[in-house]
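Note sheet for the following structure.
The values are calculated or read from the model by the stated rules, or taken from the named source; none is laboratory data. These figures come from a predicted structure and were not determined experimentally. Backbone-built Cβ (ideal geometry, glycine too); neighbour counts: all protein chains shown. The protein model used for the area step is the full one, side chains on, heavy atoms only, and it has no ligands, DNA or RNA in it. Shrake-Rupley method; radii C 1.70, N 1.55, O 1.52, S 1.80 Å.
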Amino acid sequence: MGNQNNPTRVMLVDDHAVVRAGLKRLLEQDSLFSVVAEAESAERSYQLFQEHLPDVTIMDLSMPGMGGIEGIRRIIARYPTAKILVLSMHDNASFANQALKAGARGYLSKNGFADELADAIQWILTGKIYLSTEIAKKIALNVNADDDNKLSALSAREFEIFRMLLDGMDLSHISQTLNISTKTAANYQTSVRRKLGFNTPVEMVRLAISAGLI
């Protein structure tokens, strides 16, 4: 854990420069933390992680291109001990479950995170999982929710493809973004539809709304 002589090295991943600037200011007013890298996309975060090997990465989930969950999955695949804390506007159990499944060690909502951020970082540095109170409550309440159970059956990669489909991406765009073949993307799409039980875009959106994703 950081101290004034040896601060915890942090990487910030968010597509909004103003959010990164605010986070940097918040962290560096406390000499326990030093922001060593900033990325505006999940793709860039993977490259910068290899260069800087930060102690903690603070990752947004909804970014253009490859989303945060896929970014987490890739970093953890290469660096299994990476400590990644999600800071997301998605204040619901489905995103939190998938982020943890991908390998994140903590999840905070962007609503009112400032008071918790330093504690969350220190907590995950000790090897524990950190969930904001609201998120933990929602996960507990959603254990028996049908749509949430369906979503938790998706792998992290399938969940990311579901998010891309919701954003209106076609298969060729998905395959380029994730660097997989169109056939593989189509197979994932089929698997997502089968697990979630939808056949039309309208059914897909309805399910996403009822699960609180949009």
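Does Glu38 satisfy the condition of being without any contact (Cβ under 8 Å) to a residue 40 or more places away in the chain and either exposed (fewer than 15 other Cβ atoms within 10 Å of the Cβ) or not in a strand (DSSP E or B) (or both)?
no
Name every residue in the stretch 63-79 that is part of a loop (DSSP other than H, G, I, E, B) and of a type outside the set (Ser, Thr, Tyr), in order of residue number.
Met63, Pro64, Gly65, Met66, Gly67, listed by residue number.
Within the stretch 96-129, restricting attention to residues that are open to solvent by less than 50 Å² (accessible area, probe 1.4 Å) and part of a loop (DSSP other than H, G, I, E, B), which residue is modelled with the lowest pLDDT?
Residue satisfying both the conditions and the ranking: Phe113.
Give the residue, chosen from Arg20, Arg44, Arg78, that is among the basic types (Lys, Arg), within 25 Å of Gly112 (Cα to Cα) and surrounded by fewer than 23 Cβ atoms within 10 Å (Cβ to Cβ).
From the options Arg20, Arg44, Arg78, the qualifying one is Arg20.
Let me spell it out: the conditions are (1) touching a residue at least 60 places away in the same chain (Cβ under 8 Å); (2) of a type outside the set (S, T, N, Q); (3) closer than 28 Å to Gln189 by Cα, and Leu117 meets all of them except one. Which number is the exception?
(3) is the only condition that Leu117 fails.
Among the residues of the stretch 147-157, is there at least one that is within 22 Å of Val10 (Cα to Cα) and either open to solvent by 40 Å² or more (accessible area, probe 1.4 Å) or at pLDDT 85 or above (or both)?
For the stretch 147-157, residues within 22 Å of Val10 (Cα to Cα) and either open to solvent by 40 Å² or more (accessible area, probe 1.4 Å) or at pLDDT 85 or above (or both): absent.
Counting only residues that are farther than 25 Å from Arg206 by Cβ and not in a helix (DSSP H, G or I), which one in the stretch 164-192 is least open to solvent (accessible area, probe 1.4 Å)?
Ile180
Could you list, in sequence order, all residues of the stretch 154-190 that are among the polar types (S, T, N, Q) and within 18 Å of the chain's Cα centre (by Cα)?
Correct list: Ser155, Thr177.
I'm trying to understand the selection: among the residues of the stretch 73-131, which are of a type in the set (S, T, N, Q) and within 21 Å of Leu53 (Cβ to Cβ)?
Listed by number, the residues that qualify are Thr81, Gln122, Thr126.
In the stretch 40-69, what residues are among the hydrophobic types (A, V, I, L, M, F, W, C), at pLDDT 90 or above and under 12 Å from the mean Cα position of the chain (by Cα)?
Hits for the stretch 40-69 are Ala42, Ile58, Met59, Leu61, Ile69.
Could you go through the stretch 130-138 and let me know if any residue there is buried (at least 21 other Cβ atoms within 10 Å of the Cβ) and in a helix (DSSP H, G or I).
yes
Every residue in the stretch 50-62 that is open to solvent by 10 Å² or more (accessible area, probe 1.4 Å) and not in a loop (DSSP other than H, G, I, E, B), please.
Residues satisfying the conditions are Gln50, Glu51, His52.
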